[in-house]
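The values are calculated or read from the model by the stated rules, or taken from the named source; none is laboratory data. Since this is a predicted model, take the numbers as computed values, not measurements. Heads up, the Cβs are rebuilt from the backbone with ideal geometry, glycines too, and the neighbour counts pull from every protein chain shown. To get the accessible areas, we keep the full protein, side chains included, count just its heavy atoms, and leave off ligands, DNA and RNA. Shrake-Rupley method; radii C 1.70, N 1.55, O 1.52, S 1.80 Å.
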Amino acid sequence: MTVDLPVRHYELDDYKSDEKPTWCPGCGDFGVLNAVYRAMRTRNFAPHEVVAVSGIGCSSRIPYFISTYGFHSVHGRATPVATGVHVARPDLKTLVFSGDGDAFAIGAGHVVHAMRRNLDLTYVIMDNAIYGLTKGQTSPTSGIGFHTATTPSGNPEQALNPLALAITCGATFVARGFSAEPAKLADLILEGLDHKGFSFIDVYSPCPTFNKVNTFKTYKDEVDWLPSDYDASNAANALAHATSEDKRYLGVFLRREAPTYAEQVHKAHTGTEADRAKVLGGMFKRYS
Amino acid sequence: MVVADPKVTAPGSRHGEVPEHEIRTALVIRVAGEAGEGIKKPGELLIQAAARAGFEVLTDFAPPSEIKGGVSFFQIRLSSRRLHTRGDSPDVLLCFNQEAFEVNIQELVPGGLLIYDPEKVTPRDTSSYRLLAFPLEQIASKELRMPIVKNVVALGGMAALFQLDSAVLYDLIRELWERKGDAVVQTNFKALEAGIKYVQDHVSSADLERFHVLPHAPEKNRMVVSGNTATALGAVAGGCNFFAGYPITPATDVMEILAGALPKVGGTLVQAEDEIAALGMVIGASYGGKKAMTSTSGPGISLMVETLGLATMSETACVIVDAQRAGPSTGMPTRHEQGDLYLCVHGGHGEVPRIVLAATSVEDCFYLTVTAFNLAEKYQTPVIFMSDTVVCVRSESIPMPDLASLQIENRLTWTPPAEGATAFGENEGAYKRYAMTETGISPVAIPGTPGGQYVGMGLEHNERGRHRPDPRTHTQMTEKRFRKMEHAVTDAPEPVTHGDPDADIAIVTWGSTAGVAIEAIDLLAAEGISACLVAPKMISPLPRHQLVAAMGKKHVIIPEVNFRGQFADMVQASFPREVTRINVYGGRPMLVCHLVDAIRDVAQGRQGTGRVVLNPIIGDLDKLVTPDDLIAPLERH
């Protein structure tokens, strides 16, 4: 449903709900939230025309802090719910938020298909390489040897590389940001929102409470923005930079064009709601 | 005991046998062969032709799970009267191969007709049935030089045997194969003619008379559809405009039909990566304002359980079809069982009220799917519509639904007050997604509505959609979710009732077993034993008011196709009294003849309360020939 309203200019505060974030002081997620507010203000999105969908985890509480429509679903199922919202309502802007556990452990089976479908979604992963809401267990992006309550002898699994996954699964926009740089992160999210197709934005969003290995300080030492002459149109190049062993690059790794799911599906529509009785009548006849 | 369909005149004949002279009111035909031999398509043509000629038809299709290989059969029952089951045992059995003969012959009615391909089948113990050799292979391969049309030759033979109007079959063959060109149509015409001619040349007119069923006058506006097709049609009629699903036997047809139909009404179907995703997408689409549905079978429902809880908690309207099959685990994907009731009614952690409906017939599949959408919309809650293998796979001739008479419900939506609407703050106009109301139903804002912004959620929440884990909130919100069910039960569709309402014996059942009970009651009435039936179509919340009269009877019998008596448990929880439970769990439907015996035992005082376990087949279960028994002899052969 849309209602004609005079064009209104939204301020940053218009995107903030009256619910105060429940995150720990110093949590990286505050930076992501601020970047989301900024990106939406830059495009002057009407809050009632945006839907923020999330799964479960500290980061997935984010829809409560945004004044748009939202859906806080169950663990791992943010992308299916967002898929339903978006395919049903392509007129709305749908954002998806997950943590690294929600996206790459319990929800990995859905994320790869959402990317493969090239749904026009902006997917922001607040990646802290730890399970925070359950108070500090190893996550799929935790490094090998990482000590937590569930891996007292060190994590025996190697970390999943989110960007390599996205590049190879068909995401058409792949980027990484850092919550310590909210202005640049806002630009990345903005670019993702503008991109037609699946935008995958992995964000280093450190957990100061439970992850003492991947911290703001260690990330600051390790990250570097992709060079200014970087070519984001080449998937092989993107994969090489995503899997670089000496740097954790930030920026837009890959940007490519492909038909979106909704475009293709809507192209296949041969009728409208008004045809329902006629279509049914035809089906009845076929079986008589 | 074997129950054959009743005859109008059968003086002096022994009960259960096919007498020499009679006018039949019904006939059961079973065509058995190797799966993949394509026995289903000719069967479908035959029933469509029969329906156009004025017969009531009801079928059963029993494929093995394998794509090719293993014995499958297609059973057709023709009658001039309304049918409720596929018929316990065939009057005519057509076997394509020896294995089909071995595993099916036991069920042929004594004195029935075995039609067999002499090149493939060597009949044994032929004293109890009549024989007709029908060299299908030879006609197709040698005379027509088209082995593939063997089934159409058989179809012609059957049509001649039952004196169906072959003109209708020619029309149907043309409709079916027109797209493949005239050569294909002509080849099939020749095959049909060859089959008709063979039977006319080799079967005496006296024998033809034995299998003659009188149709009633052909009626307009009837159609032959399977339960799954009826469900898909019901979804379109109910306003479905979004579907997400994952292929699973025996529910896939619903998805396939909607894949073709939805784009024609501007709707969308997504083939999801699994059933969890399917229901997640359905919830998302419904949140976006669509009428959304998924269809699956037991294994899919098992996967959806957590997401079903989300639908209840977030108060999201959605329809979930469970075409039950025999479990547990992968179980027997093509076999019948009413085993998912606990799962559908109670499945999930915490207390998750939801509406559960169950189809007793193909016609129910259409109307209850419409009802499922209406109730989902009205009560903003998930509605599970249960069919079962019997009802979803079988085809029936049913009256064409009158679309103009259907009532369609839409959810109560929130519209912004003229000015100053905002989702936030405590002002008058502030939107409360989960507002407390007398019915428990709160107006819902559809995304895109200014001022209606809210977060749909699985966390416990207050009226404004904020997570508040305090005792008052959880108490009041739990009551709100259950209050909707108290109102929904008053919207329960009318139950199936049958028989003598003054009888001492009440049959209380659900799903396709209701049809078995109807036929059992009719047969018992002819013996002078009265019973009545009530089969509610809403299973949860249980419409107690519909059951009060039956549960006050001297004897209450609860038949169902499962081990534990899941429905009986529910009914007894609501009406604490003794009942006679009747269960069968062989992956086949309950047989009318066995239910007749069991009810008679209760009526005549030979069976009290407790539990009766029925034989899933006619004859000795331990002596039943199964495909395993045939491996050695066939290899030797």
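Over chain B, what number does the Rg to Rh ratio reach, with both radii from the alpha-carbon atoms and Rh per Kirkwood? Provide the component values of the computation, followed by the final result.
Details: Rg = 26.5 Å, Rh = 26.2 Å.
Here Rg/Rh amounts to 1.01.
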Exercise. Measuring from centroid to centroid over Cα atoms, what is the spacing of segment B:125-163 and segment B:314-381 in Å?
Worked result: 42
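If you take every residue apart from residue B:509 with its C-beta less than 13 Å away from the C-beta of residue B:509, what net charge results, scoring Lys and Arg +1 and Asp and Glu -1?
Taking every other residue near residue B:509 into account, the sum is -1.
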Problem set entry | For segment B:193-210, 3J(HN,Hα) per residue [Karplus equation, 6.51 cos²θ - 1.76 cosθ + 1.60, θ = phi - 60°, Hz, x = Gly/Pro] | 4, 4, x, 4, 5, 4, 5, 4, 7, 10, 10, 6, 5, 5, 5, 4, 4, 4
Seminar exercise, completed: Measuring from its Cα centre, chain A shows a charge dipole (+1 at each Lys and Arg Cβ, -1 at each Asp and Glu Cβ) which, in debye to the nearest 20, is 800
Problem set entry | Cα-based equivalent ellipsoid of segment B:224-405: semi-axis lengths in Å, sorted from largest, via gyration tensor | 21, 20, 15
For this session: Restricting to segment A:12-261, compute how many DSSP beta bridges are antiparallel as a %, nearest 5.
Result: 20
Exercise. Mean separation of Cα pairs under 8 Å and 6+ residues apart, divided by the residue count of segment B:496-621: what relative contact order is that in percent?
Worked result: 26
Exercise. 222 nm [θ] for chain B, helices only, -39500 (n - 2.57) per DSSP H run of 4+, per residue, to 500?
Worked result: -10500 deg cm²/dmol
Exercise. Taking the Cα centre of the protein assembly as shown as origin and charging only Cβ (+1 Lys, Arg; -1 Asp, Glu), how large is the dipole, in debye to the nearest 20?
Worked result: 860
Seminar exercise, completed: Listed by chain and number, the residues whose amide H is under 5 Å from that of residue A:253, excluding neighbours fewer than 5 places away on the same chain and using placed H, are A:174, A:175, A:176
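Please state the charge dipole magnitude for segment B:224-405, taken about the Cα centre, from unit charges on C-beta atoms (+1 on K and R, -1 on D and E), reported in debye and rounded to the nearest 20. Let's see the in-between values first.
Working: 8 positive and 17 negative charges, 52 e Å.
So the magnitude is around 260 debye.
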Seminar exercise, completed: Partner shielding of B:285-293, as the mean number of partner chain Cβ atoms within 10 Å, equals 5
Seminar exercise, completed: Projecting the Cα atoms of B:281, B:399, B:415 onto the charge dipole of chain B, where Lys and Arg contribute +1 and Asp and Glu -1 at Cβ, the residue farthest towards the positive end is B:415
Problem set entry | Unit Cα scatterers, Debye sum, segment B:453-570: log10 I(q)/I(0) for q = 0.20, 0.23 Å⁻¹ | -1.03, -1.24
Problem set entry | Under Karplus coefficients 6.51, -1.76 and 1.60, residue-wise ³J(HN,Hα) of segment B:359-368 in Hz, glycine/proline x | 7, 9, 7, 4, 4, 4, 4, 6, 5, 6
Seminar exercise, completed: Per the charge dipole of segment A:12-261 (beta-carbon charges, Lys/Arg positive, Asp/Glu negative, Cα centre), the residue among A:58, A:35, A:205 reaching farthest to the positive end is A:58
Exercise. What is the percent of Cα-Cα separations in segment B:215-301 that go past 19 Å?
Worked result: 39
Problem set entry | Listed residue (B:189, B:61, B:358) projecting farthest to the positive dipole end of the protein assembly as shown, Cβ model | B:358
Problem set entry | Cβ-derived FRET efficiency at R0 35 Å, residue B:274 paired with residue B:439, nearest 0.05 | 0.50
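Just the ratio, please: alpha-carbon radius of gyration of segment B:412-491 over 2.2 N^0.38 Å, N its number of residues. If you can, show how the numbers build up before the last one.
Working: Rg = 13.2 Å, N = 80, 2.2 N^0.38 = 11.6 Å.
Ratio of Cα Rg to 2.2 N^0.38 Å: 1.14.
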Exercise. Using Cα-only point scatterers and the Debye equation, what is log10 of I(q)/I(0) for segment A:130-288 at each q in 0.13, 0.20 Å⁻¹, rounded to two decimals?
Worked result: -0.71, -1.30
For this session: Name the shape class, rounded, prolate or oblate, that the alpha-carbon gyration tensor gives for segment A:141-212, where a ≥ b ≥ c are the square roots of its eigenvalues, rounded holds for a/c under 1.5, and otherwise prolate holds if a/b is larger than b/c and oblate otherwise.
Result: oblate
Problem set entry | Stretchable slack from residue A:228 to residue A:8, in nm (0.36 nm times residue separation minus alpha-carbon distance) | 75.6 nm
For this session: Any chance you could get the radius of gyration and Dmax over the Cα atoms of segment B:26-219, in Å?
Result: 15.6, 47
Exercise. Quick one: if you take sqrt(5λ) for each eigenvalue of the C-alpha gyration tensor of the protein assembly as shown, what semi-axes come out, biggest first, whole angstrom?
Worked result: 58, 31, 25
Exercise. Taking amide hydrogens as modeled 1.01 Å from N in the peptide plane, which residues meet the under 5 Å criterion relative to residue A:119, leaving out close sequence neighbours?
Worked result: A:198, A:261
Problem set entry | In Å², nearest 10: area of residue B:625 left accessible to a 1.4 Å probe | 40
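Express in nm, to one decimal, how much length is gained between residue A:246 and residue A:151 on full extension, taking 0.36 nm for each residue of separation and deducting their alpha carbon distance.
Values: separation 95, 0.36 × 95 = 34.20 nm, distance 2.59 nm.
That works out to 31.6 nm of additional length.
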Seminar exercise, completed: The ³J(HN,Hα) series, computed from each phi in segment B:384-393 with the Karplus coefficients 6.51, -1.76 and 1.60 at θ = phi - 60°, rounded to the nearest Hz and given as x for glycine or proline, is 9, 9, 9, 10, 9, 4, 4, 7, 7, 8
Problem set entry | Angstrom value of the Kirkwood radius, inverse mean 1/r, which spans all Cα pairs in chain A | 19.8
Seminar exercise, completed: Over segment B:109-250, the quotient of the Cα radius of gyration and 2.2 N^0.38 Å is 1.34
Problem set entry | DSSP-defined beta bridges in the protein assembly as shown - what % are antiparallel, rounded to 5 | 30
Problem set entry | Shielding of B:442-448 by partner chains, average beta-carbon count, 10 Å | 5
Exercise. Label residue A:213 and residue B:527 with points 7 Å out from Cα along Cα→Cβ: what is the distance between them in nm?
Worked result: 7.4
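Counting each pair of different Cα atoms once, what's the Kirkwood radius of segment B:256-364 in Å, rounded to one decimal?
14.8
Across the residues of A:87-98, average count of Cβ atoms on other protein chains within 10 Å? Walk me through the numbers before you get to the answer.
Details: counts 10, 17, 9, 2, 3, 3, 0, 3, 0, 0, 0, 0.
Neighbouring Cβ atoms belonging to other protein chains average 4 per residue here.
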Exercise. Can you list, bin by bin at 5 Å, the percent of alpha carbon pairs in segment B:51-146, starting at 0?
Worked result: 3, 12, 19, 20, 19, 17, 10, 2, 0
Seminar exercise, completed: Volume per residue (Å³) of the convex hull spanned by the alpha carbons of segment B:496-621 is 96
For this session: Please give, to one decimal in nm, the separation of the simple spin-label points placed at residue A:168 and residue B:119, each 7 Å out from Cα toward the Cβ.
Result: 5.3
